[in-house]
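To keep things clear, I will list the structure first and then write my remarks on it.
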Amino acid sequence: LWRLVPSSFDWWIPEFGEQLLETVLMGFAATFLALVFAIPTGFLAARNVAPAKWIYSASRLFILSVRALPDLIVAVIFVAALGLGPKPGVLALAIGLYGFATKLFADAIEEVSEAPRDGIRAVGASRLQETFSGVLPQVMPSLVGNSLYLLDVSIRGSTVLSIVGGGGIGFALLQGAKLLKWDLLGGLLIMIFVIVYGIELLSGWVRRRII
């Protein structure tokens, strides 16, 4: 473990900065894409707000199928289709996050209190009005908290997917491990830790402001 602590910055090259930035941007992009589709699907996959029972069942089955797909296998497929680079990594990561996020959101929606919804229905609100006024405010803290957690997972996941050609810093990490370049490996791990810690501080600030 002590050998993983760099004794100097001789291991650093300018390309590592670009790759680390690419890793972070991949995490943000994948999280955004996943949330765009996961939030509406989460409402369809929640038993208490789904328009029909068959829609609920079909949505749950669909997200279960997506969650069963290994991220690395999906990344390899996208790399074969689109070539090397960050695009296949972002798409593969977004698909994995989508299945995970949809289940979190659906479970949170199913736990909302029925009292506000009953009051809104009593004054003649439509189903859409009931969802936006009686359900969304209740689940918003959970949506924000889970979204920030997904961003954290996405940043770390992007380093793994880049090993198979999905862009980012993962390939350099793999080379450092294979060639036993401990300064390089330890330095990059420290940089990734700093980035993840920065994301955690940002998440904490957002939670205090919103939740």
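The values are calculated or read from the model by the stated rules, or taken from the named source; none is laboratory data. Since the model is a prediction, treat every value here as computed from it, not as a measurement. Virtual Cβ from ideal backbone geometry, glycine too; neighbours counted across all protein chains shown. What goes into the accessible areas is simple: the full protein's heavy atoms, side chains included, and nothing from ligands, DNA or RNA. Shrake-Rupley method; radii C 1.70, N 1.55, O 1.52, S 1.80 Å.
Here are the numbers for the structure shown:
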item: Heavy atoms of Leu21 accessible to a 1.4 Å probe, total area in Å² rounded to 10; result: 100 Å²
item: The chain: angle of helix 136-161 to the longest principal axis, Cα-based, in degrees nearest 10; result: 20 degrees
item: C-alpha long axis of helix 182-210 to longest principal axis of the chain, angle in °; result: 20 degrees
item: Exposure rank, largest accessible area first [Ser59, Ser65; 1.4 Å]; result: Ser65, Ser59
item: Rounded to 10°, Cα long-axis angle of helix 14-44 versus longest principal axis of the chain; result: 20 degrees
item: Virtual spin-label span in nm between Phe16 and Met140, 7 Å along Cα→Cβ; result: 4.3 nm
item: Largest-first ordering by accessible area, 1.4 Å probe, given options Arg127, Arg60, Arg3; result: Arg3, Arg127, Arg60
item: Convex hull of the range 83-169 built on C-alpha atoms - directionally averaged projected area, nm²; result: 6.6 nm²
item: Accessible surface, the chain, averaged per residue in Å² (probe 1.4 Å); result: 55 Å²
item: Segment Ala80-Ser65, extension gain: residue separation times 0.36 nm, minus the distance between their alpha carbons; result: 3.2 nm
item: Whole-angstrom gap from the range 63-77 to the range 1-52, using each part's C-alpha centre; result: 16 Å
item: Compactness of the range 3-93, expressed as Rg and Dmax over alpha-carbon positions, Å; result: 19.0, 62
item: Most mobile of Asp118, Asp107, Asp152 in a GNM of the chain (Cα contacts under 10 Å); result: Asp118
item: Dipole axis of the range 78-135 (+1 Lys, Arg; -1 Asp, Glu on Cβ), positive-most option in Ser126, Gly89, Ala115; result: Gly89
item: Candidate values (1) 1.98; (2) 1.23; (3) 1.01, label of the one derived for Cα Rg over 2.2 N^0.38 Å; result: (2)
